[in-house]
Every structure is written in structure tokens, then in C-alpha cells.
Amino acid sequence: NDFATLTHLVKIDLSKNKLTELPANFGNLVNLQYLDLYGNQITTLPISFCRLKHLRWLDLKNNPLEPKLKSVAGDCLNEKECHECAKKVVAYMQSIEAELERERQKKLKIAREKEAIERAKIERELEEQRRLKKIEKEKRKAEFRAKREAQALQKTAPESDAKVTPEQHDDETEVQQAQAHTTKDINCTKIFTYSFFAVCLIILASFIWAIYVGYISVADLKSVRNRAVLQQFNSLTSTSISHVSGRMLKLPKQFDD
């Protein structure tokens, strides 16, 4: 890694060093023009190798390169082939880097889309929660208003029942007075009736007692009855005579007419 910081190098000979790989940041040697990797154990090159745009000479002979890379590198048997090797390998690594970048962008896009979908889902859930909370809040407000109105009605109902207009009071007074008079009349009638029957019973009992003790005899009763009949007869007779006399007095006047 420290070796890759020597960016001023233009020529490096690493042949026959039994290298199995190059550092991942080997591409930082952007000024490198000559590179000899002959006789090592390298199979692949780091992706950063694509940044060696000034590389003009490259030798990869006698390395167990992977088939695709070996095909691109060629045999490197002479100067010309080494020049071609440098050019083709850098272009090949650039294509790999571009493909990897496309894959990375594709994965990044998929990740972003997935993240956007997840955010949208979360936003919908939050919106649904806010909607439900709003509905619940409105429901509680409605219940509170209904409860408060019911309490207000309960408070005003007794007051309205207790309020009596003067007209209603007068009507109730008149009804009560009428009921009182009616009750009084009924009571008076009952008292009079009971008193009358009591007096009759007392008189009847007195007569029965007088007859029983001999104070009054049957003959006395007959005498009393006869006197009463005679008095009634005399009264009727007097009334009849008076009536006839009155008519007789009116006759001359009729004849004169």
C-alpha cells in the first residue's frame, strides 16, 4: 500500500518476485509508463489498474493469468507485443471497471428504489396512523360534546319543571278551591243525611219505647190520627170555599163586559 504512494514512478521492474497479486490501490501510480511482471504468480489485476492511462509497456509472460486476461495480454514475445499488451490490458480493465460501475449503479438504483418504496410504505403507515388518530380525536370530541349537552339538559330540566307561570298557578288554585268546595259540599250532604236518619231513628225509637211502657196507647194514636185527618179536611174545605168565592166575585165583571 505504501508502494502505491510513489506516484512519481514511471518505470517498475517486478519480474521474478513470486508475486501473487498487486495492491488494490496500484492504480494510484498514474505516471507509470513501464511495468515488468514477468515470471510471477499473478492471476488477476486490481480494478484500479484501469487508471494507468500512461502505461506504454507491459510484460505478463509466465504468470498463471485467468483465461480472459491471458487472451487479452497476448504472448508478449517482443517489444511490439509488450506495447500492445499494455494498451489492451488497460482497456480491458477499464471495461471491467465500467461494467462493475454499471452493476454498482444498478444495485444502487435498486437499493434506492427499494428505499423509496420502504419510505413510501412508512409514510402511508404514518398517514394512516395520523388519520386514525384524527378520527379518534373527533370521536372523543363528539362524545365529550354529547356528554356535556346531556349534563346541561339534566341541569335545565328540573329548573323548567320548577318554573310555574302565574296563569298555571291561578288555574291550579282554582282547581284546588273547586275540589275543596266540592269536598265540603259532599261532606255537608253526608252530615245532613246522617243527622236526618239519626233523628228519624231517635223519634221512631221514642215512639216504640213510649208504646212499650204504656205512656202512649194505640187509642191515643188513633185519636191523634183522627184529629190530624180532621184538621187536613178542614184545611182543604177552607181552601175550596175561598177559591169558589173568588170566582164568584169575578162573575159580575165578566157579565158587564
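Within region 50-104, how many residues are in contact with a strand residue (DSSP E or B) (Cβ under 9 Å, 6 or more places away or on another chain) and hydroxyl-bearing (Ser, Thr, Tyr)?
The qualifying residues number 0.
Working only within region 7-32, note down all residues that are touching a helix residue (DSSP H, G or I) at 6+ places or on another chain (Cβ under 7 Å) and part of a loop (DSSP other than H, G, I, E, B). Reasoning before the result, please.
Initially, region 7-32 is screened for residues touching a helix residue (DSSP H, G or I) at 6+ places or on another chain (Cβ under 7 Å), giving 7, 23-30.
Passing the criteria: Thr7, Pro23, Ala24, Asn25, Leu29, Val30.
Given (1) modelled with pLDDT under 90; (2) more than 34 Å from the chain's Cα centre (by Cα), identify the lone condition not met by Ala111.
Failed condition: (1).
May I ask you to say which residue of Thr7, Thr43 is among the hydroxyl-bearing types (Ser, Thr, Tyr), surrounded by fewer than 14 Cβ atoms within 10 Å (Cβ to Cβ), under 20 Å from Ile96 (Cβ atoms) and out of contact with any strand residue (DSSP E or B) (no Cβ under 6 Å at 6 or more places or on another chain)?
Step by step, each of Thr7, Thr43 is checked, and only Thr43 is among the hydroxyl-bearing types (Ser, Thr, Tyr), surrounded by fewer than 14 Cβ atoms within 10 Å (Cβ to Cβ), under 20 Å from Ile96 (Cβ atoms) and out of contact with any strand residue (DSSP E or B) (no Cβ under 6 Å at 6 or more places or on another chain).
Would you be able to say whether some residue in region 52-64 is part of a helix (DSSP H, G or I) and either within 22 Å of Val10 (Cβ to Cβ) or free of Cβ contacts under 8 Å to residues at least 12 places away in the same chain (or both)?
Just the residues of region 52-64 that are part of a helix (DSSP H, G or I), to begin with: none.
Looking for residues that are part of a helix (DSSP H, G or I) and either within 22 Å of Val10 (Cβ to Cβ) or free of Cβ contacts under 8 Å to residues at least 12 places away in the same chain (or both), one finds none in region 52-64, hence no.
Filter region 10-34 down to residues that are aliphatic (A, V, I, L, M) and in contact with a strand residue (DSSP E or B) (Cβ under 9 Å, 6 or more places away or on another chain), then give me how many there are.
Number satisfying all stated conditions: 5.
Of the residues Glu127, Glu101, only one is over 25 Å from Val30 (Cβ atoms) and either among the basic types (Lys, Arg) or part of a helix (DSSP H, G or I) (or both); which?
Matching residue, one of Glu127, Glu101: Glu127.
Yes or no: region 119-129 includes at least one residue that is without any contact (Cβ under 8 Å) to a residue 12 or more places away in the chain and under 30 Å from Ile12 (Cβ atoms).
At the first step, the residues of region 119-129 found to be without any contact (Cβ under 8 Å) to a residue 12 or more places away in the chain are 119-129.
So of that shortlist, the ones also under 30 Å from Ile12 (Cβ atoms) come out as none.
No, region 119-129 contains no residue that is without any contact (Cβ under 8 Å) to a residue 12 or more places away in the chain and under 30 Å from Ile12 (Cβ atoms).
The values are calculated or read from the model by the stated rules, or taken from the named source; none is laboratory data. Note that the structure is a prediction, hence the values are computed from the model and not measured. Backbone-built Cβ (ideal geometry, glycine too); neighbour counts: all protein chains shown.
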